[in-house]
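The next block holds one structure in the form of structure tokens; read it before the comments.
The values are calculated or read from the model by the stated rules, or taken from the named source; none is laboratory data. None of the values given here were measured: they were computed from a predicted structure. We place every Cβ from the backbone using ideal geometry, glycine too, and count neighbours over all the protein chains shown.
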Amino acid sequence: MLKFSKKLLYAIEAVVDIAYNSGGEPVQIRDVTSRQGVPQRYLEQVMQRLVKAGILKGIRGPRGGYLLARERAKISVGDIARVVMDMSKDVEMGLPNDVANGPIGKSVIRPLWLEFQSQILVMMDEISVEELSNRAFRSGVSSEVYNRINFSI
């Protein structure tokens, strides 16, 4: 179930960072954590899951790291959210297991929560990593891609 957890937000941030900073070169996890202030312990598990899901591609070796496995326009925020959801199926969108267990809770509130989740995922599917990268650019976020460009002749 969808939970707006740190893990979800960090996963989205990491994928957008990789899209925004790779320029075709692998991005190392330590660079993502350094730029975004994301704890590495949150990312290590989720990065492997994103690789398994075909969102990222892991490159081994000293100059290895992560690249997008597909075009950034073809990866949605919903794709990333589903990977994180699969990692923690025990909570429905932040709704604790010990609430909404009465007759109204089971027949009305929990199904309502699932409807919310479904609608939020539809909205997340409409936002691509490309769009978030463009927002970062328009906001003036520095990119390693532009820092590597050498205009000398």
Original post:
What are the residues in the stretch 20-36 that are buried (at least 22 other Cβ atoms within 10 Å of the Cβ), in contact (Cβ under 8 Å) with a residue 40 or more places away in the chain and not hydroxyl-bearing (Ser, Thr, Tyr), if any?
Top reply: Asn21, Val27
Subject >> Output for the stretch 37-58, where each listed residue is more than 13 Å from the chain's Cα centre (by Cα) and either over 20 Å from Gly78 (Cα atoms) or in contact (Cβ under 8 Å) with a residue 40 or more places away in the chain (or both) >> reply: Gly37, Pro39, Gln40, Arg41, Gly58
Original post:
Only one of (1) modelled with pLDDT under 95; (2) in a loop (DSSP other than H, G, I, E, B); (3) not β-branched (Val, Ile, Thr) fails for Gly54. Which number is that?
Top reply: (1)
**OP:** Read through the list (1) under 14 Å from the mean Cα position of the chain (by Cα); (2) part of a helix (DSSP H, G or I); (3) modelled with pLDDT under 95; (4) not polar (S, T, N, Q), then give the number of the only condition that Val15 fails.
**Re:** (3)
Original post:
Identify, please: which residue in the stretch 59-77 is part of a helix (DSSP H, G or I) and surrounded by 16 or more Cβ atoms within 10 Å (Cβ to Cβ) and is, among those, nearest to the chain's Cα centre (by Cα)?
Top reply: Val77
Subject >> Candidate set: the stretch 78-112, residues that are part of a loop (DSSP other than H, G, I, E, B) and under 30 Å from Glu131 (Cβ atoms); chosen: the one modelled with the highest pLDDT >> reply: Ser88
